[in-house]
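Since every read-out is calculated from the coordinates, none of them should be taken as a lab result. Computed from a predicted model, the values in this text were never measured in an experiment. Because the Cβ atoms are built from the backbone with ideal geometry, glycine has one as well, and the counts that use them run over all protein chains shown.
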Amino acid sequence: MTELEIGGVVLAIDYRRMEEDRGSSVKVFGDIDGQRVQLLRFDCFDQDPHYHYAPTGVNRMFHLDRLTMGCPVEFTLDQVKRNTRSMVAAAGFEEFSEGVDQDALAARIGEVQAAIEAEAVAG
């Protein structure tokens, strides 16, 4: 697993293998009242790509439609680059989202992509 601390969040990137599916996973963590909390998760799976708002809480999950959303990894990179702050707020962490530096995430998106690729090769 690769962890990158960027823009007030920690991105934990790994490659997951399960019985019926596999793929890259990007978890977005934040410090909420002194606890490390998973705010978002993007599962770029081969069969059922999807993402979660507050996966360890309310766990609202949305499936990705490859026809309209394209490659799950590219979708994830775009969301991290452009929408992390608003997605964290939508996950129920409005106050925390105010400290998310979207510009820092955008500036370092190449590192995120490189980590996804490295974990997929190692996976």
Of all residues making up the range 7-16, the number that are buried (at least 21 other Cβ atoms within 10 Å of the Cβ) and farther than 18 Å from ALA91 by Cα: 1
For ASP103: the one exception among (1) surrounded by 13 or more Cβ atoms within 10 Å (Cβ to Cβ); (2) closer than 28 Å to ASP33 by Cα: (1)
Residue match in the range 91-112 (condition: over 23 Å from ASP21 (Cα atoms), among the basic types (Lys, Arg) and in contact with a helix residue (DSSP H, G or I) (Cβ under 7 Å, 6 or more places away or on another chain)): no
Among residues of the range 74-108, those that are in a helix (DSSP H, G or I), without any contact (Cβ under 8 Å) to a residue 60 or more places away in the chain and not aliphatic (A, V, I, L, M), counted: 13
Selection from the range 60-97 of residues that are among the aliphatic types (A, V, I, L, M) and either over 21 Å from ALA120 (Cβ atoms) or touching a Pro at 6+ places or on another chain (Cβ under 8 Å) (or both): MET61, LEU64, LEU67, MET87, VAL88, ALA89, ALA90, ALA91
Candidate set from the range 17-73 (those that are outside any loop (DSSP other than H, G, I, E, B) and either at positive phi or among the acidic types (Asp, Glu) (or both)); member that is surrounded by the most Cβ atoms within 10 Å (Cβ to Cβ): ASP43
